[in-house]
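The values are calculated or read from the model by the stated rules, or taken from the named source; none is laboratory data. Quantities reported herein were computed from a predicted structural model and do not represent experimental measurements. Because the Cβ atoms are built from the backbone with ideal geometry, glycine has one as well, and the counts that use them run over all protein chains shown.
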Amino acid sequence: MRSNDLRMSLAAILAASLAVVSGYGRPRATAQTKVELTVSAAISLKDALDEIAQLYYAEAPGTVIHFNLGGSGTLQHQIEQGAPVDVFVSASEDQMNSLESEGLLSPGTRKDLVKNTVVLIVPKGKSGISSFQDLARPEVKEIAIGDPQTVPAGKYAQEVLTHFQLYEQLKPKLVLTKDVRQALTYVVTGNVDAGIVYATDAKISAAVSVVATAPEDSHAPTIYPVATLKASKQPAEAKRFLDFLTSEKAQGVFEKYGFKPAGE
């Protein structure tokens, strides 16, 4: 190739490169840029959140939601240690209060989302247990509850048993679990004689029976608060998803899975 032709070819390549960098000649985007959100939420919300996410995608197709589910205390500690979380939904006000006192929540975004009920369950067909007091019977060997230190359902269970003056007596029988779904699983598989979980967890399994419901005055209110995190990289989208969770459409899904409105 002659030197003049070579110089012209290099110039054409350079011009084309500059056109791409400056935006000229760039093809119009055919797909919306994806926005990713990480939502840390109490595992008892899993089924409802899965369905709500599908409804949200219909309204915000450019958003992808990653759920990080577990015991609320564990999720709280992850956030305190710097985990990249955009929205937090706790099964107890305690964890949210702690994060708020540490200045980790976006100001003004905290809301009460839903509330739950604490129940006593046994494997389907099991007889001999029909009340919390029956847990003290000698034939009842093991009772599954969430670890009260990190699992709100476990803390509520502890409060209920204390209300009935049974906690100290039953401590040797308690099998502590990492979250409320694990407590449910132990009852479903018959590995324990009974468990104390949320009504919403009992509702998803045909392998357990609810034999007693804890009186509301036997434990702290089972409120699920929600808030966005100050460290969120997508604060606008996080707030949009939080608002959707409190919308009539999402609240209908929560009620379908047995949750109650927070103000009820």
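Note on the stretch 98-112: residues that are without any contact (Cβ under 8 Å) to a residue 24 or more places away in the chain and surrounded by 15 or more Cβ atoms within 10 Å (Cβ to Cβ) total 1.
Answer yes if at least one residue in the stretch 231-249 is part of a loop (DSSP other than H, G, I, E, B) and crowded, with 19+ Cβ neighbours inside 10 Å, and no otherwise. Checked the stretch 231-249: at least one residue is part of a loop (DSSP other than H, G, I, E, B) and crowded, with 19+ Cβ neighbours inside 10 Å.
If you scan the stretch 73-102, which residues turn out to be of a type in the set (D, E, K, R), part of a helix (DSSP H, G or I) and out of contact with any Leu (no Cβ under 8 Å at 6 or more places or on another chain)? Across the stretch 73-102, the qualifying residues are E93, D94, E100.
Pairs linking a residue in the stretch 67-89 that is outside the structural domain of R181 (by TED's automatic domain parsing) and surrounded by 24 or more Cβ atoms within 10 Å (Cβ to Cβ) to a residue that is of a type in the set (G, A, S) and part of a loop (DSSP other than H, G, I, E, B), with Cβ atoms under 6 Å and 6 or more positions apart or on different chains, are S72/S90; S72/A91; S72/S92; D86/S232. Scanning the stretch 160-187 for residues that are surrounded by fewer than 17 Cβ atoms within 10 Å (Cβ to Cβ) and closer than 12 Å to V118 by Cβ yields a single hit, H163. Answer yes if at least one residue in the stretch 210-223 is buried (at least 22 other Cβ atoms within 10 Å of the Cβ), among the small types (G, A, S) and assigned to a strand (DSSP E or B), and no otherwise. No, there is no match, as no residue in the stretch 210-223 is buried (at least 22 other Cβ atoms within 10 Å of the Cβ), among the small types (G, A, S) and assigned to a strand (DSSP E or B). Selection of strands (runs of 3 or more DSSP E) fully inside the stretch 113-206 by the criterion of at least 2 residues being in contact (Cβ under 8 Å) with a residue 12 or more places away in the chain, out of contact with any Ser or Thr (no Cβ under 8 Å at 6 or more places or on another chain) and outside the structural domain of K249 (by TED's automatic domain parsing) returns 174-177, 194-198.
Counting just the residues of the stretch 47-66 that are outside any helix (DSSP H, G or I) and not aliphatic (A, V, I, L, M), which one comes out surrounded by the most Cβ atoms within 10 Å (Cβ to Cβ)?
So in the stretch 47-66, the residues outside any helix (DSSP H, G or I) come out as 60-66.
The next check asks that each one be not aliphatic (A, V, I, L, M); those that pass are 61-63, 66.
Working: P61: 11, G62: 11, T63: 18, H66: 13.
Among those that are outside any helix (DSSP H, G or I) and not aliphatic (A, V, I, L, M), it is T63.
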